[in-house]
Every structure is written in structure tokens, then in C-alpha cells.
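Only the coordinates and a few stated rules stand behind these numbers; no lab work does. Only a predicted model underlies this, so the values are computations on that prediction, with no experimental measurement involved. When we count neighbours, we look across all protein chains shown, and the Cβ atoms used for this are built from the backbone with ideal geometry, even at glycine.
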Amino acid sequence: SLLSIFGRLGIYMITVLLGLFIHGTITLPLIIKFIGKADPFKHFKAMTTPLLTAFSTSSSGATLPLTMEAVEYNSGVSNKITSFTLPLGATINMDGTALYECVAAIFIAQAYGVELSILQQIIIVLTSLLASIGAASIPMAGLVMMTIILTAVGLPLEGVGLILAVDRLLDMSRTVINVWSDSCAAVVIAKSEGEILKV
């Protein structure tokens, strides 16, 4: 029934958003705190403008100039590190996209009544990681890359249509995590190089 479909889509959205929230508010700050030896709250405050821009544009590429400016001037990371790590991160470091693609593939399998084996689940994780590395830093790129993952485990490509209706909000949210992750990586690398940061 229609109500059942909306209920399942709601659970799917909540699952993706919860995963992104945990990664963005627990995993990445812990990495900054314990590996980067920096203050994650100060860094988050320094990143407010790029993160809001990432949410509104759904593009880590479009947000890149603001991200570089915030990481360099607000967090105190040197230009040599920001100019290398952030463009590279905007291209290949897409944590939010990888997380989303795993959940989306499992949701599509459940919607079609397909029971995934452990091997298929491992293939989903690996292809999600590889597809997120190859995804362009433009809006809806993760949705396009879903076809690779679905094909890898033999799920119907029409399944992408199931998640299309709710993808815009999820795209905006995963872009925030992608940009936040790139900036966290820049801080950790700067600290490992012995830089004195503002955060």
C-alpha cells in the first residue's frame, strides 16, 4: 500500500540521516580530538559557512573555495596543506556518499524482497567505497553511482526510482558530511606536520 511505501521511505531516510549524524558528530570529532589533537568544536565553528553552503548547494566542488578559506583562515591550516588536501578530498573523500550508497542498496534489496548474502553485502560495501571515490562532486552524483552498486549485486536498476523522491534532502546532508570530513582530514594532516593551528 501507499502508506507502507511512505513508511519504508521514512525509515530509510532516518537510517541514512542517523548514520550521517553519528559519523559527523561522533566519528570525525573523535578523529580530530585524538589523532589530530585539535578542538573539534572550534573547528566546527570555523566551518559553519562552508557547511551551510554545502547543504544548500549539494556540491562539495562548489563549496571548495569557501572550505579552503575557512580551513586556512579560521582554523589556521597552511595554504600548502589546504591547496593539496581539500581539492583531493572533494574528489575522492566522500564518506557521506559511501554510507548513503550502502544503505540505499540494502533498502532497494529489501523493497524487492531480495535476501542479500554476506558476500553480496561485502560487495555492496566495497563497490560503495570505490563508487564514492569515483563520484563527481556535483549534486545527485551518488544517485548516478548507485547503478554500479546495484549491477554488482544483481539488483534491478529500476530500484533507483524508489529512492529518487527523497534523495534531494539526503544529497544535501551527505554533502555536508563530505565537506566536514575533508576539512577534518586537512586539520589532522596539518597537525601531523607540526603546524600550530587556531583550533
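Which order results if M140, M145 are arranged by neighbouring Cβ count within 10 Å, fewest first? Don't skip to the answer; put the middle values down first.
On the way: M140 15, M145 24.
With the sparsest Cβ surroundings first, the list reads M140, M145.
Is the shape of region 129-175 best called rounded, prolate or oblate, per the rule: a/c under 1.5 gives rounded, else a/b larger than b/c gives prolate, else oblate, with a ≥ b ≥ c the square roots of the Cα gyration tensor eigenvalues?
Details: a/c = 2.59, a/b = 1.20, b/c = 2.15.
Cα axes put region 129-175 in the oblate bin.
Could you give the angle, 0 to 90 degrees to the nearest 10, between helix 2-22's Cα long axis and the longest principal axis of the Cα atoms of the chain?
So the helix axis and the longest Cα principal axis differ by about 20 degrees.
Given an 8 Å cut-off on Cα distances and at least 6 residues of separation, report the relative contact order of region 1-149 as a percent. Please list the in-between numbers first.
On the way: 117 pairs, mean separation 34.7, N = 149.
Value for region 1-149: 23 percent.
For T91, T67, what ranking results if the residue with the fewest other Cβ atoms within 10 Å of its Cβ goes first?
In increasing order of surrounding Cβ atoms, one gets T91, T67.
Would you kindly derive the ³J(HN,Hα) couplings of region 45-62 from the backbone phi angles with the Karplus curve 6.51 cos²θ - 1.76 cosθ + 1.60 (θ = phi - 60°), listing them in order in whole Hz, with x for Gly and Pro?
Those phi angles translate into 4, 5, 9, 3, 4, x, 5, 5, 5, 4, 5, 7, 9, 6, 9, 6, x, 5 Hz.
³J(HN,Hα) across region 103-112 via Karplus (A = 6.51, B = -1.76, C = 1.60, θ = phi - 60°), whole Hz, x for Gly/Pro?
3J(HN,Hα) across region 103-112, in whole Hz: 5, 4, 5, 5, 4, 5, 4, 5, 5, 8.
Quick one: net charge of T147's neighbours, Cβ under 15 Å, K/R +1, D/E -1? Intermediate values should be presented prior to the final figure.
Values: positive: none; negative: E101, E158, D167.
Cβ neighbours under 15 Å give a net charge of -3.
I need the phi-derived Karplus couplings for region 114-119: 6.51 cos²θ - 1.76 cosθ + 1.60, θ = phi - 60°, integer Hz, Gly and Pro marked x.
Per residue, the Karplus-derived 3J(HN,Hα) values read 9, 8, 8, 6, 4, 4 Hz.
Taking other Cβ within 10 Å of each residue's Cβ, how do S192, S173 sort, fewest first?
Details: S192 12, S173 22.
Fewest-to-most ranking of S192, S173: S192, S173.
For G76, what residues show an amide H to amide H distance below 5 Å, using hydrogens built from the backbone and excluding near sequence neighbours?
The list, which skips near neighbours in sequence, is K198.
Does region 101-166 classify as rounded, prolate or oblate by the C-alpha gyration tensor (a ≥ b ≥ c root eigenvalues; a/c under 1.5 gives rounded; else a/b over b/c gives prolate, otherwise oblate)?
On the way: a/c = 2.25, a/b = 1.24, b/c = 1.82.
Here region 101-166 falls in the oblate category.
If you average the alpha carbon positions of region 13-38 and of region 155-199, how far apart do those two centres end up, in angstrom?
Using only Cα atoms to place each centre, the spacing works out to 10 Å.
Just in region 97-199: which GluC sites (Glu not before Pro) are loop by DSSP and have at most 11 other Cβ atoms within 10 Å?
Values: sites: E101, E115, E158, E193, E195; in loops: E115, E193, E195.
Of the GluC sites (Glu not before Pro), the ones in loops of region 97-199 whose Cβ has at most 11 other Cβ atoms within 10 Å are E115, E193.
From the helices alone, meaning DSSP H stretches of at least four residues, give me the mean residue ellipticity at 222 nm for the chain, per-run term -39500 (n - 2.57), in deg cm²/dmol to the nearest 500.
Values: 10 runs with 139 residues, N = 199.
That comes out to -22500 deg cm²/dmol.
What angle, in degrees between 0 and 90 and rounded to the nearest 10, separates the Cα long axis of helix 167-192 from the longest principal axis of the Cα atoms of the chain?
With both axes taken from Cα atoms, the answer is about 30 degrees.
Which of V103, V114, V179 moves most in a GNM of the chain, Cα contacts under 10 Å?
Highest fluctuation among the options: V114.
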